[in-house]
Amino acid sequence: MKNALQLIFIVIGLTSCKAQDINGIWMSYNNYVIDKESMTTSGNEGFIIDFDNKTFSAIFIDSIIPTKIDFKNSKLSFNDDSLSIDFHVFGKDSIEIDFEQNMMHVFRPLKLNHKLSVNKSQISKFLTKNNFDKTNDGIDFIFSDKVFFRDELFEKPKKRNTIINKTWNDEGYWYIKEIQQNFFLIFTIDQISNQNIYQIISMDNCKMQLQLLQEDEFRNSKLTELKICL
């Protein structure tokens, strides 16, 4: 009897999740591997669903895809319904989508209440014109305005800038994403790690305050700010 009641509550919960109208802009980060014994690739974070405007995009490109959202059947449809993907809603906190890349993409609502009075150019200038202290895990890197060599090599239309990792003698990339006057700093400290994703909470001439969304799983820097003065 107890198990039957539990099952009823689960079904009711799932039904109400499907029926509810989800709104706002959601981004995928802190995804997880489906089959740990199979191959995975990094850099798949940062897909974006805008439930208000019914669009699908990605943090690393500017293109926007019109999307049909069927809450009743939990499906996203693209390209005149020729491509349809299931999604699974878990309360108001997360949505999971399997894009068949051996990675479950976990979408979470963005809090877009940190609008800044600066633009991308000003943020980029702050990053490239200043030297910052090492992170808590001892990594020393520099934001360069040089184009990331892989983007140059493969002639990608949207080119990222280079991070020079002095600690590991390696290079990664960085870029800025703007969503409704909210800005996100995304970077890697080498060529193969997952992306570090931060929302820029505030910025002045002295420091940039950051809110961590995702950090490379092999690091533990808990980076909260980039500053050049006390």
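The values are calculated or read from the model by the stated rules, or taken from the named source; none is laboratory data. Worth saying up front: this structure is predicted, and the values here are computed from it rather than measured. For neighbour counting, all protein chains shown are included, and Cβ atoms are generated from backbone atoms with ideal geometry for every residue, glycine included. Areas reflect the complete protein model, heavy atoms only, side chains present, ligands, DNA and RNA absent. Shrake-Rupley method; radii C 1.70, N 1.55, O 1.52, S 1.80 Å.
Judged by the mean number of other Cβ atoms found within 10 Å, the most tightly packed of the peptides 216-228, 146-158, 162-174 leads the ranking 162-174, 216-228, 146-158.
Projected label points at Q181 and N169, each 7 Å from Cα along the beta carbon direction, are separated by 4.8 nanometres.
Since only F183, I48, V147 are under comparison, the one whose Cα sits farthest along the positive direction of the charge dipole of the chain, derived from C-beta charges on Lys, Arg, Asp and Glu, is F183.
Across the cross-link table entries K134/K227; K120/K207; K120/K159; K111/K134; K54/K111; K166/K227, which are compared at the Cα atoms, the separations over 20 Å belong to K111/K134.
If you roll a 1.4 angstrom probe over the protein chains with everything in place, what fraction of the accessible area of the range 152-198 belongs to carbon and sulfur, to the nearest %? That share works out to 47 percent.
Assuming a viscosity of 1.306 mPa s and a temperature of 10 °C, what translational diffusion coefficient in µm² per second does Stokes-Einstein assign to the range 108-177, Rh being the Kirkwood radius over Cα pairs? The Stokes-Einstein estimate is 115 µm²/s.
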